[in-house]
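Asks: Take a look at this one; I'll ask things after.
Bear in mind these aren't lab numbers, they're just calculated from the coordinates by the rules spelled out. Given the structure is predicted, the values throughout are model-derived calculations rather than measurements. Neighbour counts run over all protein chains shown; Cβ positions are idealised from the backbone, glycine included.
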Amino acid sequence: MADRKNGMVQAYGYPVPTSGTIVSRAVAAAAANSHHSSRGKTGRNSKRYSVSAFYSMAAEQDNEVEDELAQAQRSLRELKSKISGQSKKNFVLERDVRYLDSRIALLIQNRIALDEQNEMASHLEEHGLGDSDSFPDDRKMQQYGNFFFILQSEPRHIASLCRLVSLAEIDTLLQTVMFTLYGNQYESREEHLLLTMFQVSVTTSENVLAAQFETSTEFGSLLRANTPVSRMMTTYTRRGPGQSYLKSILSNKIKELVIDQDMNLEINPLKVYEQMVTQIESEKGYLPTDLPRSVTPEVAAVNPNVQKIIQPRLEKLIEIAEAFLTTIISSTASVPYGIRWICKQIRSLTKRKSPDASEYSVCSMIGGFFFLRFINPAIVTPRAYMLLETAPGNLPRRTLTLATNRPSYAKESYMLPTNPFVEKNKSRINKFLNELCEVSDFYETLEMDQYMALSKKDIDINITLNEMYNTHTLVYRHLDTIAPKEKDHLRVLLNDLAPLPAQVSRKENKTIDLPLFSRWEIPIQDLTTALMSENNITQNDILYMETKAIYVQLIRSLPHLSTLPLDLDYIAETAATTKDAQLVRKGIKVKDMLRELEDAGVIDHRDHYKLLVEEITQELAHLGNLKEKVIQESDSLEGVYQTILDHNNYLRSQLESYKAYLQNVRIQSGGEKTTKNSVGIGVEVEGGKPRKAPKGPPKGPFKFSHNHLEKDGVISESTVPENRRPNIFFSITSPLPGTFIIAMHFKGREKPILEMDLKLDDLLEKQQDNVELLDLEYVRLNVTKTLGLLNKTFVTRNNATSTCEIDADLIQKIKDFRFAKNESGNAAFVLQIDRKTLKIVEDEVYDDISLEDLIEELPENTPRFIILSYELKHSDGRVNFPLVFIYWSPSTAKAEVNMLYASAKTYLQETVSVMRGFDIRDPETLTDEFLSKQL
């Protein structure tokens with residue numbers, strides 16, 4: 001009996017208990033759940049239900065079965081893991097961009113001292129590229145594994161810490177808590193542990209929300225002030241599930257609204273009056289005497305023409321607000337569980353703090369979190385929440401702000417006309433907010449998850465050295481509050497970890513996988529014995545569930561046996577006579593188990609094991625429905641993941657622009673010598689003596705067709721007639737570092753149609769001021785994309801020409817490859833850089849090679865350049881062979897090698913005249929589907 005049970009436990013991926021252990025960890029988990037959930041229930045059925053629930057959970061994640069459900073689940077787990085990891089990267093990048101955003105305005109005015117510039121430079125260094133001597137040894141790693149296990153599994157410590165730290169410290173702590181300690185955002189145990197920090201408890205020190213309520217002196221300011229706790233709640237909403245919800249509910253609505261860039265819905269009478277006066281003066285060339293240029297808000301509000309303008313705008317604004325509200329209110333079922341559960345805690349705490357509070361006051365508190373901290377910021381700043389690819393223009397942004405405004409009528413009396421709309425929807429909104437709170441608690445599930453976690457030996461977190469050291473320092477600083485007793489486990493661990501570690505530089509800030517475990521774990525043997533004894537769960541209960549679980553495994557592995565009604569004897573016999581050794585063992589074992597259950601009187605072959613057959617059929621039906629849900633969830637999350645990746649690319653492009661800008665300010669301030677490897681592209685310094693630009697011939701001109709720039713998004717809008725666009729091209733020249741001349745030409749004409757001078761710092765300033773478009777009379781350029789084009793064209797070219805060379809013979813060989821005629825298949829010319837001679841040299845040439853095979857041939861940790869003649873098959877049967885430049889830059893490559901290849905990329909592309917290219921970091925990206933779509 002024990003051997004059979006051990007085999008079943010091992011089949012689920014749990015370690016086989018050592019000799020003498022009465023039951024497995026799986027049974028302990030089931031027993032523990034039974035202990036918790038069977039209070040108030042009686043009889044065998046309640047115990048069987050709890051044990052069955054555990055085995056049903058195990059069946060959903062069965063690692064031994066390889067059917068469509070298992071494949072879909074594996075893909076979903078991998079996707080969720082990618083989203084969690086990428087969310088953390090974006091969080092860190094957003095912090096860096098926010099920091100540099102706050103300083104870039106001062107840079108423009110040249111007011112930052114050199115040491116502050118160096119500090120900014122440290123924010124642009126890549127993580128973990130240096131050789132660190134501060135890497136913890138094995139003993140320290142074990143101690144930190146103990147330390148973070150306690151912090152993760154006992155959230156009360158983090159709850160206390162979040163209340164104690166300052167606003168300046170909270171962002172770094174939240175990075176560790178939200179994206180590292182509980183970084184697996186779709187794993188129920190970590191999500192539920194994180195949520196326990198927000199739960200209603202008697203001890204407010206163990207609950208961040210309760211503490212916020214207890215210490216607040218003003219009811220109206222609760223959850224609205226900028227505190228570590230409110231910042232924590234906002235950060236929680238930015239995790240994967242929250243982002244997924246916002247994208248699915250709001251994205252399309254916002255896109256529809258911002259399409260009309262000229263829709264002006266301003267209803268502030270003073271602003272409307274000023275706009276009206278400006279328009280009249282522009283049209284007439286003068287201002288009538290009865291229209292003063294400046295008036296008071298009161299005078300503007302009673303102006304008949306202003307009122308006439310505002311009335312239709314007000315109606316349209318209410319229509320937009322109604323559409324948003326209807327969409328949100330109808331989405332109750334889609335709101336992530338965690339956000340709904342926090343709303344439930346807010347309602348409970350509000351009623352506890354103010355028992356006489358009205359329904360409106362209670363719902364106002366819930367709305368303060370759900371709308372004020374979650375929904376409204378996403379609508380007002382959709383670019384930051386990844387709901388739009390670019391920030392909306394001034395007019396649409398103002399419309400979004402007005403549509404979500406919760407006005408203070410004392411300060412914004414012009415919002416008074418919206419009051420009927422607010423009053424009309426008050427009960428509707430309150431009903432929605434109360435429905436949000438109607439979710440069950442997760443304590444039983446968490447208890448089961450915790451026991452399942454005890455059975456695993458591979459719990460770990462992906463964490464940087466500075467995250468470890470910073471958390472260590474913060475906990476130590478507040479140790480007397482968090483763990484006041486001498487024998488508290490946390491205090492014991494910190495005493496062992498002493499002394500406090502220093503933060504390492506950004507380059508040395510390695511990321512490590514830290515295994516988590518507890519040195520105070522109760523021996524599973526004693527725990528199991530106690531639970532079995534207390535709950536009176538019999539061996540027959542366990543045998544019954546294990547038998548059912550094995551049958552589910554067999555039918556999933558042999559789906560042709562799923563014909564109803566199930567014949568259990570036939571299924572066991574079929575499995576026992578297959579050629580699969582594992583199925584044979586299970587088939588033989590389950591036949592014996594059926595016999596034992598019948599001898600014990602639990603089942604009867606005369607009714608064809610009716611009860612067992614019913615439960616197996618129900619489990620299979622549940623798993624079938626689960627497969628559809630898994631596939632649907634995967635489809636939804638694919639879009640979320642791609643959006644997160646796009647946002648990551650945007651953030652990186654921002655940092656690259658700042659890097660070029662900062663490099664030049666440092667050069668021109670005398671903080672860094674100009675070398676042949678300098679990558680800055682120059683800015684003008686205001687005040688003082690600007691450093692003279694290096695002498696030399698102008699760079700360029702570089703030519704780009706209208707269609708090319710439009711396709712790349714550089715041209716956002718164009719008034720050039722469609723039939724003339726093929727004859728339009730743009731030339732860009734850089735006569736001085738940081739200064740650019742963009743000229744628009746018509747083919748066949750000598751003189752340009754128009755010219756514009758641009759300076760890098762002007763562009764950065766426009767970007768800082770959220771100016772999305774640059775007007776060139778006939779076309780409007782996207783500021784961010786234009787910055788990227790200038791950096792790509794001038795920075796890299798300048799650097800490349802002075803670092804790498806290519807021999808004329810190799811250039812000729814590449815040209816021969818370019819013009820060779822292919823009849824079928826892909827051909828690839830692979831190049832590498834000889835780091836000793838700094839020459840680009842031939843690596844390999846491949847004929848008729850698939851993309852999969854090409855990826856296999858490329859080195860895993862070193863970049864390469866690939867000139868690819870790609871076999872492109874069209875839907876109409878045509879085949880052609882476009883040339884594509886692939887920059888293979890694996891994420892595992894060393895930074896200095898990546899920089900060397902990156903510096904030579906554009907130079908090589910220009911030399912061999914293959915400008916259409918793609919940067920590939922992940923081997924899974926380079927597929928036929930990807931290239932066919934791009935080309």
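Asks: How would you classify region 805-934 from its alpha-carbon gyration tensor, with a ≥ b ≥ c the square roots of the eigenvalues: rounded for a/c under 1.5, else prolate if a/b is greater than b/c, otherwise oblate?
Replies: Verdict is oblate for region 805-934.
Asks: What FRET efficiency would be calculated for the residue pair residue 653, residue 618, taking the C-beta separation as r and a Förster radius of 35 Å, to the nearest 0.05?
Replies: It comes to 0.10.
Asks: So how far apart, in nm, are the two label points at residue 712 and residue 263 if each is 7 Å from Cα heading toward Cβ?
Replies: 3.3
Asks: Roughly how many nanometres apart are two label points built 7 Å out from the Cα toward the Cβ at residue 78 and residue 141?
Replies: 2.7
Asks: In nm, what is the difference between 0.36 nm times the number of residues separating residue 929 and residue 167 and their Cα-Cα distance?
Replies: Length difference between fully extended and current span is 269.6 nm.
Asks: Right, next: Cα convex hull of region 598-657: mean projected area in nm², to one decimal?
Replies: Details: hull surface 26.7 nm².
Its average projected convex-hull area is 6.7 nm².
Asks: Between residue 92 and residue 331, what length comes free when the chain is fully extended (0.36 nm per residue of separation minus the Cα-Cα distance, one decimal in nm)?
Replies: Full extension of this stretch gives 83.0 nm more.
Asks: Give me the one-decimal nm value for the distance between modelled label points at residue 539 and residue 815, 7 Å along each residue's Cα-to-Cβ direction.
Replies: Calculated label separation equals 8.6 nm.
Asks: Among the listed pairs 711/933; 548/591; 253/766, which are separated by more than 23 Å between their Cα atoms?
Replies: 253/766
Asks: Apply the Karplus parameterisation 6.51 cos²θ - 1.76 cosθ + 1.60, with θ equal to phi minus 60°, to every residue of region 337-351 and state each ³J(HN,Hα) to the nearest whole Hz, in sequence, with x for glycine and proline.
Replies: Result, rounded to whole Hz: 3, x, 5, 5, 5, 5, 4, 4, 5, 4, 4, 5, 5, 4, 5.
Asks: If R₀ is 45 angstrom, what is the calculated FRET efficiency for the pair residue 315 and residue 755, using the beta carbon separation as r and rounding to 0.05? Could you put the intermediate results ahead of the total?
Replies: On the way: r = 46 Å, r/R0 = 1.02.
Working from the Cβ atoms, E equals 0.50.
Asks: Please give the length that would be gained between residue 460 and residue 573 if that part of the chain were fully extended, namely 0.36 nm times their separation in residues minus their C-alpha to C-alpha distance (nm, one decimal).
Replies: 36.5 nm
Asks: Still on this structure, I have one more. List, in order, the whole-Hz ³J(HN,Hα) value for each residue of region 869-877 obtained from phi through the Karplus relation with A = 6.51, B = -1.76, C = 1.60 and θ = phi - 60°; use x for Gly and Pro.
Replies: Whole-Hz 3J(HN,Hα) from phi for region 869-877: 8, 9, 7, 9, 9, 8, 5, 8, x.
Asks: As a footprinting exposure proxy, order 147, 324, 817 by other Cβ within 10 Å, with the fewest listed first.
Replies: Taking fewest neighbouring Cβ atoms as first place, the list is 817, 324, 147.
Asks: Next question, about the same structure. How do 888, 520 rank when sorted from fewest to most other Cβ atoms within 10 Å of their own Cβ? Can you show the working numbers first?
Replies: On the way: 888 23, 520 10.
Fewest to most other Cβ atoms nearby, the residues stand as 520, 888.
Asks: Let me ask something else about it. Quick one: if the Förster radius is 25 Å, what FRET efficiency do residue 626 and residue 422 give, using the C-beta to C-beta distance and rounding to 0.05?
Replies: Computed FRET efficiency for residue 626 and residue 422: 0.05.
Asks: In terms of modelled amide H atoms, which long-range or inter-chain residues lie less than 5 Å from the amide H of residue 699?
Replies: 734
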